[in-house]
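K.L.:
Before anything else, here's the structure in question.
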Amino acid sequence: MKIAVEGCMHGDLDNVYATLLHLEKVENTKIDLLICCGDFQAVRNERDLESLNVKPKYRSMNSFWKYYSGIEVAPFPTIFIGGNHEASNYLWELYYGGWAAPNIYFLGFAGVIKFGNIRIGGLSGIYNARHYHLGHYERPPYNERDIRSVYHVREYDVCKLKQVKEPIDIFISHDWPIGITDYGNWRELVRFKPYFEQEIRTKSLGSKAAEELLNKLKPPYWFSAHLHCKFSAAVQHGEGGPVTKFLALDKCLPGRKFLQIVEIESEPGPYEIQYDEEWLAITRKFNSVFPISRKPAQLWGVQLDTEDRQWVSSKLKEKGTKPSSFVPTVPSHNPSQPFSNGAFLGHCRNPQTEYLLQLLELPYLLDNALEARDRTHSPMPLIHG
């Protein structure tokens, strides 16, 4: 399986796809999958720009809206995670993961899926110690504080990923695991990024949460972005233990190292994205302590057992392992009629998320009222189709 890995997309899907199509042609090869390591910027219309944490003068529609509307179709299956410059209102609709556009799949705030027989896990956002232990209290429309905290990694999502016991083949994070520079040529790195040196020496460059996941999951491949440079490393987990090949890439700009093709041994195709049984069992078990206020999740005592897994297995046998199809939830940008997308700024229930929660027989918690931010949640009724 040939996988293209891309650093920060920043909404420039047209150029990334054009580069890969050119590469296929000149090298007479076939790319099976594109993985993007964050700052994807799935901006559908002008309203989404208001949830994008960039300075107003840098806010631009870019090209994702074409793929959302169906004007263009992604030429390769594409999987992405969130970074720190995202249309966070849209990604919140797909908190558990789902199709952001046809053939473009968001892995969720945390998630594991299968592509063929390859397991791909990911963690969206960046690490910030001030918000790490808090719950997911932010709700659209975001105020000036929430728009900058909604993409901060939460302990709850990391804890779910730590429950994964079966081997992960590829893991994706936006920021780098802290300490990863010890395993590569950091001196060459600081020649290009001299302001990294102090953070490298004090071991403060990167994400503590990602480091914990790296040491727990030990995947063969780990891809990141965020710092807008290329850096590689190899982490051996204990003497004679497995090795993780780490690669970070730049953002999509001319002359920058933003793409890499990686070949991974796999079963022959065709390949498609499917739910991961173990991850759905974890999701179902931990949704009972989903923190929807500022209060931290009550994580102690929540443990997966064989019955949880068997229940999910039987459901997937009944309903199938494919995620439900893409469904647009708001009007797309119209170049001939800008700023015509209506006044709605709140939360849309995405049918894909509703389908998954119905499959797992879980309550829908993503649109709890703003006052839920500062109180613990009470049980919600199950969704009925």
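The values are calculated or read from the model by the stated rules, or taken from the named source; none is laboratory data. Since the model is a prediction, treat every value here as computed from it, not as a measurement. Please note: Cβ atoms are built from the backbone with ideal geometry, for glycine as well, and neighbour counts cover all protein chains shown. Heads up: the accessible areas ignore ligands, DNA and RNA and are worked out on the full protein's heavy atoms, side chains in. Shrake-Rupley method; radii C 1.70, N 1.55, O 1.52, S 1.80 Å.
K.L.:
Mind checking which residues of segment 288-301 are assigned to a helix (DSSP H, G or I) and surrounded by 16 or more Cβ atoms within 10 Å (Cβ to Cβ)?
P.N.:
We begin by selecting, within segment 288-301, every residue assigned to a helix (DSSP H, G or I); these are 288-289.
Answer for segment 288-301, where residues must be assigned to a helix (DSSP H, G or I) and surrounded by 16 or more Cβ atoms within 10 Å (Cβ to Cβ): just 289.
K.L.:
Applying the selection to segment 79-89, what residues are open to solvent by less than 10 Å² (accessible area, probe 1.4 Å) and either without any contact (Cβ under 8 Å) to a residue 60 or more places away in the chain or part of a loop (DSSP other than H, G, I, E, B) (or both)?
P.N.:
Residues satisfying the conditions are 81, 82, 83, 86, 87.
K.L.:
Can I ask one more? Does segment 20-34 include one or more residues that are outside any loop (DSSP other than H, G, I, E, B) and under 21 Å from residue 111 (Cβ atoms)?
P.N.:
Start the filter on segment 20-34 by keeping residues that are outside any loop (DSSP other than H, G, I, E, B), which leaves 20-27, 33-34.
If we keep only those that are under 21 Å from residue 111 (Cβ atoms) too, we end up with 33-34.
So far as segment 20-34 goes, yes, one or more of its residues are outside any loop (DSSP other than H, G, I, E, B) and under 21 Å from residue 111 (Cβ atoms).
K.L.:
Tell me which residues, restricted to segment 267-287, are open to solvent by 60 Å² or more (accessible area, probe 1.4 Å) and over 17 Å from residue 164 (Cα atoms).
P.N.:
267, 268, 270, 272, listed by residue number.
K.L.:
Still on this structure: Do we have any residue at all in segment 306-320 that's assigned to a loop (DSSP other than H, G, I, E, B), in contact with a helix residue (DSSP H, G or I) (Cβ under 9 Å, 6 or more places away or on another chain) and either farther than 15 Å from residue 94 by Cβ or at pLDDT 95 or above (or both)?
P.N.:
The answer is no; no qualifying residue exists.
K.L.:
Only one of these is in contact (Cβ under 8 Å) with a residue 24 or more places away in the chain, in contact with a Leu (Cβ under 7 Å, 6 or more places away or on another chain), over 25 Å from residue 267 (Cβ atoms) and hydrophobic (A, V, I, L, M, F, W, C): 129, 101, 110. Name it. Steps first, please.
P.N.:
Numbers: 129 fails: in contact with a Leu (Cβ under 7 Å, 6 or more places away or on another chain); 101 fails: in contact with a Leu (Cβ under 7 Å, 6 or more places away or on another chain).
After ruling out the rest, the residue left standing is 110.
K.L.:
Among residues belonging to segment 231-253 that are in contact with a Gly (Cβ under 9 Å, 6 or more places away or on another chain) and under 18 Å from residue 80 (Cα atoms), point out the one that is most open to solvent (accessible area, probe 1.4 Å).
P.N.:
The qualifying residue most open to solvent (accessible area, probe 1.4 Å) is 251.
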